[in-house]
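See below for the structure under consideration.
The values are calculated or read from the model by the stated rules, or taken from the named source; none is laboratory data. No experiment lies behind these values; they were computed from the predicted model shown. No Cβ is skipped: glycine too gets one built from the backbone with ideal geometry, and neighbour counts run over all protein chains shown. Remember, those area values only see protein heavy atoms, side chains included, never the ligands or the DNA or RNA. Shrake-Rupley method; radii C 1.70, N 1.55, O 1.52, S 1.80 Å.
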Amino acid sequence: MTRSISTAAIIGFFMATMATMALADAPATRPAVTMGGKAITLAGDPPTVGDTAPAFTAVGVDMKPFTFTPGDGTVWIIASVPSVDTSVCSTETRRFNQEAAGLAGVRVLTISMDLPFAQRRWCAAEGIEHLTTVSDYKDREFSAKWGLRIQENGLLARAVYVIDGAGKIVHRQIVAELSHEPDYAAAIAAAKR
């Protein structure tokens, strides 16, 4: 008995094989992220739990360089946001500011692509006093080393990392939908460990 294989079956098999190979080659650390339900692409591979947190330099609201050097004994919460001038980012940054007031020995950093002038204005208007806000607009070193730049618009993805005093990442949440807030409780719990 002779079996014939249709051209459609061969093409279907080929397409399925190629899709499987593409998935196998995709970095395991690059999460799926959406913006308004539409898939967006992160331009890099974000570090994961257990990795040493990458050092970076950004620009403070005073226009001076701010250098993050992990492993100096300080516990950090780093919140990456698209823009402090959006409602979800604004809510998130205000919430972390409130939480930071009660976190002894923990520093909280919010980073975005906003210009330092806009960050300074926003922080003054919102009464932000317990966290540090920095901008990655100039050299984009954070977005490159942490893999959080959105290819489609150049902004940062919404993510929260906790780095222990030895410089190791102990918590990572890259929020799957940019319009959603992060899990504050999980980040705070990780920072208190």
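For segment 38-52, the count of residues that are open to solvent by 50 Å² or more (accessible area, probe 1.4 Å), of a type in the set (D, E, K, R) and in contact with a Ser or Thr (Cβ under 6 Å, 6 or more places away or on another chain) is at least one.
Just to check your reading of the model, which residue among Ile188, Ile150, Ile174, Ile163 is under 17 Å from Phe66 (Cβ atoms), of a type outside the set (S, T, N, Q), open to solvent by less than 70 Å² (accessible area, probe 1.4 Å) and in contact (Cβ under 8 Å) with a residue 24 or more places away in the chain?
Numbers: Ile188 fails: under 17 Å from Phe66 (Cβ atoms); Ile150 fails: under 17 Å from Phe66 (Cβ atoms); Ile174 fails: under 17 Å from Phe66 (Cβ atoms).
Sole residue among the options that is under 17 Å from Phe66 (Cβ atoms), of a type outside the set (S, T, N, Q), open to solvent by less than 70 Å² (accessible area, probe 1.4 Å) and in contact (Cβ under 8 Å) with a residue 24 or more places away in the chain: Ile163.
Tell me which residues, restricted to segment 103-116, are open to solvent by 10 Å² or more (accessible area, probe 1.4 Å) and at pLDDT 95 or above. Write out each step before concluding.
From segment 103-116, those open to solvent by 10 Å² or more (accessible area, probe 1.4 Å) are 103-107, 113-115; that's our starting set.
Passing the criteria: Val106, Arg107, Met113, Asp114, Leu115.
The residues of segment 53-95 that are closer than 27 Å to Trp122 by Cα, open to solvent by 50 Å² or more (accessible area, probe 1.4 Å) and of a type in the set (Gly, Ala, Ser) amount to a single one, Ser87. Exactly one residue out of Leu156, Leu131 is among the hydrophobic types (A, V, I, L, M, F, W, C) and either over 25 Å from Asp45 (Cβ atoms) or free of Cβ contacts under 8 Å to residues at least 24 places away in the same chain (or both): that is Leu131.
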